[in-house]
């Protein structure tokens, strides 16, 4: 059976050109800073976003957790949206690794406003309360349906952080989806953040790896934490080569994923068993199904038609477009949706 795998953009396979770049990569021991391909990737990413330095890490979760560990001390509190990845999908890492609590803010589709920061800061004169130390934004917001921040909104949050002496981190796992959608300049976009984490293994289609960006001092501390977390890799230039290839070839094409996500939303909206569809901004489509069947039951029906996806709540389902979803897969989805009563 032909399959359209819409479960996640992490499911892409390396392209022929990417595999060739990986095979040809020059390598060395990265723990000692001697892998030339990783060094090139780190320099490239830091330069793209106007940051002093960068660190290659195995995953986006590790990148976020390293940043939290560097920016905070045990007992501190982190402000984030209540549907943030660092809260929902990182195994309680902020508490497990850094001894931090999370102040969860309800925000429309996961997009915080400057007023949310001002309203959720603990008084440092009250010994009963944890120190508010860090604000973490997620762009695009996965659980919000691939939603994007505006640059004006980010700058306003930065001003709030400055007023209260807080550090600002970006979980930018899908940062390039956001930049393609908004058209923001990467350097201007990154300037308000003290640290940025983004994935090479989602929309960009690399098989593994994420990047953590910040000041030289921050990255030096992050290098030590990466080692403590078990993330020090040796001849990993073969992975970094995939990231370099992705940066060269797979950014502009993200607009195709966004277009196909809009196509899927248009297909879903008129179906009688779909009660609502969240209008996609980027490559994530979230829709709600009518109550006669649960999301899990509908996911099973979709799988029978060769459409793979995840439930995203009791009545919600998520589709994600990516490098391996072309027009042929979209046509398969359209035909399969029509067959489900």
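The values are calculated or read from the model by the stated rules, or taken from the named source; none is laboratory data. Quick caveat, the model's predicted, so the values are computed rather than measured. Note: ideal-geometry Cβ built from the backbone for every residue, glycine included; neighbour counts use all protein chains shown.
Go through the stretch 52-68 and count every residue that is surrounded by fewer than 23 Cβ atoms within 10 Å (Cβ to Cβ) and either on the phi > 0 side of the Ramachandran plot or touching a helix residue (DSSP H, G or I) at 6+ places or on another chain (Cβ under 6 Å) (or both).
2
From the residues in the stretch 55-72 that are part of a loop (DSSP other than H, G, I, E, B) and either farther than 14 Å from residue 171 by Cβ or not assigned by TED's automatic domain parsing to the domain that holds residue 157 (or both), which one is farthest from the chain's Cα centre (by Cα)? Step through it out loud before you land on a result.
As a first pass, look at the stretch 55-72 and keep what is part of a loop (DSSP other than H, G, I, E, B): 58-59, 72.
If we keep only those that are either farther than 14 Å from residue 171 by Cβ or not assigned by TED's automatic domain parsing to the domain that holds residue 157 (or both) too, we end up with 58, 72.
Numbers: 58: 14, 72: 21 Å.
Selected residue: 72.
Yes or no, residue by residue, for (1) buried (at least 20 other Cβ atoms within 10 Å of the Cβ); (2) closer than 18 Å to residue 59 by Cβ; (3) touching a strand residue (DSSP E or B) at 6+ places or on another chain (Cβ under 8 Å):
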{"position": "232", "(1), (2), (3)": "no, yes, no"}
{"position": "246", "(1), (2), (3)": "yes, yes, no"}
{"position": "265", "(1), (2), (3)": "no, no, yes"}
{"position": "289", "(1), (2), (3)": "yes, no, yes"}
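Do we have residue 173 as outside the structural domain of residue 319 (by TED's automatic domain parsing), under 20 Å from the mean Cα position of the chain (by Cα), at pLDDT 95 or above and part of a helix (DSSP H, G or I) here?
Values: outside the structural domain of residue 319 (by TED's automatic domain parsing): yes; under 20 Å from the mean Cα position of the chain (by Cα): yes; at pLDDT 95 or above: yes; part of a helix (DSSP H, G or I): no.
In short, no.
Look at the stretch 317-335 and say how many of its residues are outside any loop (DSSP other than H, G, I, E, B) and touching a helix residue (DSSP H, G or I) at 6+ places or on another chain (Cβ under 6 Å).
5
Those residues that are under 24 Å from the mean Cα position of the chain (by Cα) and either outside any helix (DSSP H, G or I) or buried (at least 21 other Cβ atoms within 10 Å of the Cβ) (or both), I need them from the stretch 1-21; list them, please.
Narrowing the stretch 1-21 to residues under 24 Å from the mean Cα position of the chain (by Cα): 4-15, 18-19.
Once the filter is applied, which keeps residues that are under 24 Å from the mean Cα position of the chain (by Cα) and either outside any helix (DSSP H, G or I) or buried (at least 21 other Cβ atoms within 10 Å of the Cβ) (or both), the stretch 1-21 yields 4, 5, 6, 7, 8, 9, 12, 13, 14, 15, 18.
Is it the case that the stretch 39-54 has a residue that's farther than 30 Å from residue 118 by Cβ, assigned by TED's automatic domain parsing to the domain that holds residue 217 and not in a helix (DSSP H, G or I)?
yes
Report yes if residue 78 is in contact with a strand residue (DSSP E or B) (Cβ under 9 Å, 6 or more places away or on another chain) and modelled with pLDDT under 95, otherwise no.
On the way: in contact with a strand residue (DSSP E or B) (Cβ under 9 Å, 6 or more places away or on another chain): yes; modelled with pLDDT under 95: no.
No: the conditions fail for residue 78.
Just to verify a result, which residue in the stretch 96-107, among those that are touching a strand residue (DSSP E or B) at 6+ places or on another chain (Cβ under 7 Å) and outside any strand (DSSP E or B), is surrounded by the most Cβ atoms within 10 Å (Cβ to Cβ)?
100
Residue check: is residue 319 buried (at least 22 other Cβ atoms within 10 Å of the Cβ) and either under 20 Å from the mean Cα position of the chain (by Cα) or assigned by TED's automatic domain parsing to the domain that holds residue 38 (or both)?
Here the answer is yes, as residue 319 does meet what is asked.
With buried (at least 19 other Cβ atoms within 10 Å of the Cβ), on the phi > 0 side of the Ramachandran plot and assigned by TED's automatic domain parsing to the domain that holds residue 44 as the only criterion, which of 110, 75, 92 stands out?
110
Which fully enclosed helices (runs of 4 or more DSSP H) of the stretch 213-313 have 3 or more residues being touching a helix residue (DSSP H, G or I) at 6+ places or on another chain (Cβ under 6 Å)?
It comes to 216-228, 237-249, 254-268.
Rundown of residues vs (1) surrounded by fewer than 24 Cβ atoms within 10 Å (Cβ to Cβ); (2) over 24 Å from residue 285 (Cβ atoms), yes/no style:
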{"residue": "122", "(1), (2)": "yes, yes"}
{"residue": "128", "(1), (2)": "yes, yes"}
{"residue": "131", "(1), (2)": "yes, yes"}
{"residue": "144", "(1), (2)": "yes, no"}
{"residue": "181", "(1), (2)": "yes, no"}
{"residue": "192", "(1), (2)": "yes, yes"}
{"residue": "211", "(1), (2)": "no, yes"}
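Within the stretch 80-138, track down each residue that is in contact (Cβ under 8 Å) with a residue 60 or more places away in the chain and touching a helix residue (DSSP H, G or I) at 6+ places or on another chain (Cβ under 8 Å). Please lay out each step first, then the result.
So in the stretch 80-138, the residues in contact (Cβ under 8 Å) with a residue 60 or more places away in the chain come out as 81, 83-86, 97, 109, 133-134, 136.
Result: 81, 83, 84, 85, 86, 97, 133, 134, 136.
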